[in-house]
Amino acid sequence: VDSGLSNTLTGRGGTLSASSVSGSVTLTNSTSVFTLADVGSVIRCMKGIVDVTGYTSGTVVTGTWRMYPTELYPETGTPIPSTDWTIQAPFTTISGLDHLEGQTVRILGDGNVFPDKVVTGGAVTVNQPITRVVVGLGYTCQLQTLDLELEGAPKTIQGKRKKLSQMTVKVAASRGLSYGPAFDQLAEVKDRTFGVPLGIPIPLLTGQFTVNNAPQWDPYGRVCIEQAYPLPASILAIAPDVDVGN
């Protein structure tokens with residue numbers, strides 16, 4: 001987003017340790033930092049997310065992994081430094097947007113895209129509690145390849161009709177892309193897989209995906225890719241399967 005703001009996640013000091021990396025978890029801190037009001041808050045550590053469901057003492061809370069950790073220290077029970085964990089109570093109102101008063105903004109909350117909102121009184125309100133937000137003016141990113149030429153071909157295929165029946169796209173930390181032969185003929189990439197439960201943000205993809213294109217002939221062989229959401233996209237390569245006509 002442009003002219004955007006995001007909330008700052010902070011911890012409370014001390015080193016944290018987790019009793020498990022899935023399901024229920026007990027989080028123990030080296031110093032007394034927790035209160036009963038922390039029930040319902042979210043703790044982020046080891047690149048995972050814990051919903052705090054219970055308060056035991058100033059040093060111990062219990063919870064459930066909403067998103068399993070992808071970074072271990074190096075195994076369960078190893079202390080997590082104070083700089084590598086945060087705690088945040090959920091909220092629904094995002095303020096401090098006076099510079100965008102009256103503007104329609106896009107919102108990314110807890111990794112999910114929310115409906116656009118108009119800033120009123122320097123704030124917007126979302127329809128469910130979140131703990132991490134990015135909000136600002138939206139814009140659409142577009143990529144269009146040049147007219148296709150085949151490397152190593154005995155002669156040029158410029159001017160010949162071409163059909164790109166399928167293509168493989170390599171990306172880095174990307175999500176939410178659309179593709180097609182033209183910007184008015186786009187289809188969204190199906191990012192969610194059976195391995196991602198509902199209610200969990202779709203993870204960013206670093207790797208490649210293969211999609212089928214519209215079976216049509218044209219003299220250009222161009223590919224269009226668009227990012228219309230407030231999500232990251234880095235296109236590294238496009239490898240199409242090409243049929244060449246006369």
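The values are calculated or read from the model by the stated rules, or taken from the named source; none is laboratory data. Model, not experiment: these values are computed from the prediction. Reconstructed Cβ throughout: ideal geometry from the backbone, glycine too, with neighbour counts over all protein chains shown. With ligands, DNA and RNA removed, areas are computed over all heavy atoms of the protein, side chains included. Shrake-Rupley method; radii C 1.70, N 1.55, O 1.52, S 1.80 Å.
Just a few scattered comments:
- Failed criterion for Gly207 (all others in (1) loosely packed, with under 13 Cβ neighbours inside 10 Å; (2) part of a strand (DSSP E or B); (3) more than 15 Å from the chain's Cα centre (by Cα); (4) not polar (S, T, N, Q) hold): (3)
- Among (1) open to solvent by less than 50 Å² (accessible area, probe 1.4 Å); (2) at pLDDT below 95; (3) charged (D, E, K, R), the one test that Asp38 misses: (2)
- Some residue of region 46-55 being of a type in the set (Gly, Ala, Ser) and open to solvent by 40 Å² or more (accessible area, probe 1.4 Å): no
- Residues in region 219-246 that are open to solvent by 30 Å² or more (accessible area, probe 1.4 Å) and not in a loop (DSSP other than H, G, I, E, B): Glu226, Ile235, Leu236, Ala237, Ile238, Ala239, Pro240, Asp241, Val242, Asp243, Val244.
- Summed over region 1-20, the residues that are open to solvent by less than 50 Å² (accessible area, probe 1.4 Å), in a loop (DSSP other than H, G, I, E, B) and either of a type in the set (S, T, N, Q) or touching an Asp or Glu at 6+ places or on another chain (Cβ under 9 Å) (or both) give a count of 3.
- Scanning region 27-42 for residues that are hydrophobic (A, V, I, L, M, F, W, C) and closer than 12 Å to Ser17 by Cβ gives a single hit, Leu27.
- Pairs, first closer than 16 Å to Trp217 by Cα in region 177-188, second part of a loop (DSSP other than H, G, I, E, B) and polar (S, T, N, Q), C-beta under 9 Å, six or more apart: Gly180/Asn213; Pro181/Asn213; Pro181/Gln216; Gln185/Gln216
- Region 109-124: number of residues that are surrounded by 12 or more Cβ atoms within 10 Å (Cβ to Cβ) and over 15 Å from the mean Cα position of the chain (by Cα): 6
- Test: residue in region 163-181 that is among the basic types (Lys, Arg), crowded, with 18+ Cβ neighbours inside 10 Å and out of contact with any Phe, Trp or Tyr (no Cβ under 7 Å at 6 or more places or on another chain): yes
- When Asn112 is tested against the conditions (1) touching a residue at least 12 places away in the same chain (Cβ under 8 Å); (2) under 30 Å from Tyr139 (Cβ atoms); (3) out of contact with any Pro (no Cβ under 7 Å at 6 or more places or on another chain), the lone failure is (3).
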